[in-house]
Amino acid sequence: MIEIKMPRLGVTMQNGTVSEWLVEEGNTVEKGDFLFVLETEKSTLDIEAQESGVLKKIVVPSGKEVPVNTVIAVIAEENEEIDVSAYFQDETAKAETAAAALKLEPKEETSRAEGQSGQNAGKISPRARRLAKELGVTVENVVGTGKDGIVTEEDIRKLAKSETTGMVKERIALNNVKKAMAENMLNSWRNIPQFTQMISVNMETALKVKKELGTISINDILIKSVGNALKHNSMVNSRFEDQQIIVFNEVNISVAVNSSNGLVVPVVKNVETKSVFEISQEIRSLAEKAEKNQLTIDDYANGTITVSNLGSLGIENGTPIINSPQSSLVFAGAIKKTPIVNEEGDIVVAPIMTLSISYDHRFIDGVTGAQFTNDVKIALEKLEASDLLS
């Protein structure tokens with residue numbers, strides 16, 4: 001008998017959810033076949049079977065979150081007799097405890113049968129409680145229709161629907177990627193006092209270099225140029241932690257990547273040692289993985305600064321929120337033909353892009369930020385192809 005356990009995909013992973021079993025109980029599975037879909041806080045991945053056999057028993061049903069290393073299923077030989085009762089002892093004990101409690105409280109049963117509220121606290125499945133939280137439903141107002149009056153997910157959905165009929169078009173539960181983003185942004189907004197500097201950049205030279213080098217994008221140039229500017233502004237490549245400023249040697253840039261699964265921010269590591277072509281290839285690879293839900297925890301790990309470019313979507317500028325626990329975020333807008341006054345005092349039309357750079361004001365002051373902001377501008381306006389090749 002082979003126990004299938006919840007895998008750990010990264011050092012920070014504590015829990016995981018089998019969002020879908022790809023093999024039914026009683027069916028044969030070969031080593032290397034996709035066995036189940038794993039949903040973590042950061043991604044969704046198809047997990048392969050490590051052994052061949054018959055999927056005898058699914059211990060953890062789809063949709064239930066469990067800690068790493070929890071036994072989630074059992075594989076065995078076709079005719080092998082197995083005993084899986086030990087995996088369900090905890091659940092059985094909980095059910096027996098709940099049943100005993102109900103017998104001791106006949107008045108509560110009567111009240112529930114009469115549809116009174118305020119009687120169901122504690123008699124709700126974890127999944128239903130989680131759904132109630134997501135939909136904003138007050139558990140005490142729900143009349144349970146499950147076994148022994150347990151509140152079910154269907155009860156929660158019915159009440160949520162009845163409360164909002166005619167008002168709400170749709171309620172969409174957050175997937176784990178969006179939950180992680182929501183938590184991170186809220187943490188950043190609450191805990192990091194931040195200020196944003198905006199500056200206009202003439203991209204005429206950068207566009208010429210892009211044309212000269214061929215296959216790279218403006219986003220690739222931007223990321224490499226930010227990496228170059230950090231060589232002289234290491235204080236910006238940092239984080240505030242336990243009343244200390246942690247300054248990093250490596251420049252690991254978190255890159256905002258849009259996909260059909262939502263906006264994700266994987267990391268291009270060691271930008272300071274890579275050419276713009278290597279960076280370009282790595283970003284394409286990360287984008288493909290994001291589209292296929294194949295990004296791993298390690299793909300997101302150890303970012304030291306974030307670059308977000310919404311220029312291709314026509315956004316001209318913004319007030320970005322720092323990607324906690326980092327200290328800085330560079331936001332690039334669209335390049336637009338804009339009339340400007342040149343050094344000779346003439347009005348000319350130039351391709352102008354607005355950079356908006358946010359800083360952690362607990363330890364980065366306005367002057368330090370301005371130095372970096374201006375260095376990024378200069379790196380782009382005086383760009384040479386050789387600046388991007390090493």
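The values are calculated or read from the model by the stated rules, or taken from the named source; none is laboratory data. What you are looking at is a predicted structure, and each value in this text was computed from that prediction instead of being measured. FYI the Cβ positions are ideal-geometry reconstructions off the backbone, even for glycines, and counts take in every protein chain you see. Calculation scope for accessible area: heavy atoms of the full protein, side chains included, ligands and nucleic acids excluded. Shrake-Rupley method; radii C 1.70, N 1.55, O 1.52, S 1.80 Å.
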Those residues that are of a type in the set (D, E, K, R) and over 16 Å from V226 (Cβ atoms), I need them from segment 257-305; list them, please.
R284, E288, K289, E291, K292, D298, D299
Test set (1) open to solvent by 40 Å² or more (accessible area, probe 1.4 Å); (2) closer than 22 Å to D299 by Cα; (3) not in a loop (DSSP other than H, G, I, E, B) - R8 fails condition number:
(3)
Could you tell me how many of the residues in segment 35-75 are farther than 23 Å from L131 by Cα, in a loop (DSSP other than H, G, I, E, B) and of a type in the set (G, A, S)?
2
So which of V54, V59, V66 is under 24 Å from the mean Cα position of the chain (by Cα) and either open to solvent by 70 Å² or more (accessible area, probe 1.4 Å) or over 30 Å from A256 (Cβ atoms) (or both)?
V66
Say we look at segment 249-259 and pick out the residues that are within 23 Å of the chain's Cα centre (by Cα) and of a type outside the set (V, I, T); which of these is surrounded by the fewest Cβ atoms within 10 Å (Cβ to Cβ)?
E250
Filter segment 298-321 for residues that are touching a Phe, Trp or Tyr at 6+ places or on another chain (Cβ under 7 Å) and polar (S, T, N, Q); the one that is farthest from V264 (Cα to Cα) is T304
Does segment 173-182 include one or more residues that are farther than 25 Å from T304 by Cα, outside any strand (DSSP E or B) and either open to solvent by less than 30 Å² (accessible area, probe 1.4 Å) or of a type in the set (D, E) (or both)?
no
Do you know which residues across segment 220-242 are surrounded by fewer than 24 Cβ atoms within 10 Å (Cβ to Cβ), of a type in the set (D, E) and either modelled with pLDDT of 95 or more or within 17 Å of G303 (Cβ to Cβ) (or both)?
E241
Inside segment 214-229, the number of residues satisfying the requirement of being part of a helix (DSSP H, G or I), over 10 Å from I253 (Cβ atoms) and not small (G, A, S) is 5
Test of understanding: among A332, A379, A301, which residue is surrounded by 14 or more Cβ atoms within 10 Å (Cβ to Cβ) and either farther than 20 Å from M185 by Cβ or out of contact with any Gly (no Cβ under 9 Å at 6 or more places or on another chain) (or both)?
A379
In segment 330-362, which residues are assigned to a strand (DSSP E or B) and farther than 24 Å from L207 by Cβ?
S358, Y359, D360
Members of segment 261-272 found to be at pLDDT 95 or above and over 28 Å from N175 (Cβ atoms), listed by number
N270, V271
Scan segment 319-328 and tell me whether some residue there is loosely packed, with under 14 Cβ neighbours inside 10 Å and either at pLDDT below 95 or more than 23 Å from the chain's Cα centre (by Cα) (or both).
yes
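Listed here are the residues, each with its yes/no results for (1) open to solvent by less than 60 Å² (accessible area, probe 1.4 Å); (2) over 27 Å from K274 (Cβ atoms); (3) at pLDDT below 95; (4) within 30 Å of the chain's Cα centre (by Cα).
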| site | (1), (2), (3), (4) |
| --- | --- |
| L313 | no, no, yes, yes |
| K336 | no, yes, no, no |
| P339 | no, yes, no, no |
| G345 | yes, yes, yes, no |
| V348 | yes, yes, no, no |
| D365 | no, yes, no, yes |
| T373 | yes, no, no, yes |
| L389 | no, no, yes, no |
Exactly one condition in (1) touching a residue at least 12 places away in the same chain (Cβ under 8 Å); (2) surrounded by fewer than 18 Cβ atoms within 10 Å (Cβ to Cβ); (3) assigned to a helix (DSSP H, G or I); (4) within 17 Å of the chain's Cα centre (by Cα) is not met by E288; state its number.
(1)
Restricting to segment 54-100, name every residue that is among the aliphatic types (A, V, I, L, M), in contact with a helix residue (DSSP H, G or I) (Cβ under 9 Å, 6 or more places away or on another chain) and modelled with pLDDT under 65.
A95, A98, A99
Of the residues in segment 239-262, those that are closer than 12 Å to P325 by Cα, in contact (Cβ under 8 Å) with a residue 40 or more places away in the chain and aliphatic (A, V, I, L, M) come to I245
Subset of segment 321-367 [out of contact with any strand residue (DSSP E or B) (no Cβ under 8 Å at 6 or more places or on another chain) and of a type outside the set (A, V, I, L, M, F, W, C)]:
S324, E343, E344, G345, D346, D365
What is the residue count in segment 152-172 for residues that are open to solvent by 40 Å² or more (accessible area, probe 1.4 Å), farther than 25 Å from E65 by Cα and not charged (D, E, K, R)?
5
Scanning segment 191-207 residue by residue, those open to solvent by 60 Å² or more (accessible area, probe 1.4 Å), within 18 Å of A332 (Cβ to Cβ) and assigned to a helix (DSSP H, G or I) turn out to be E204, L207
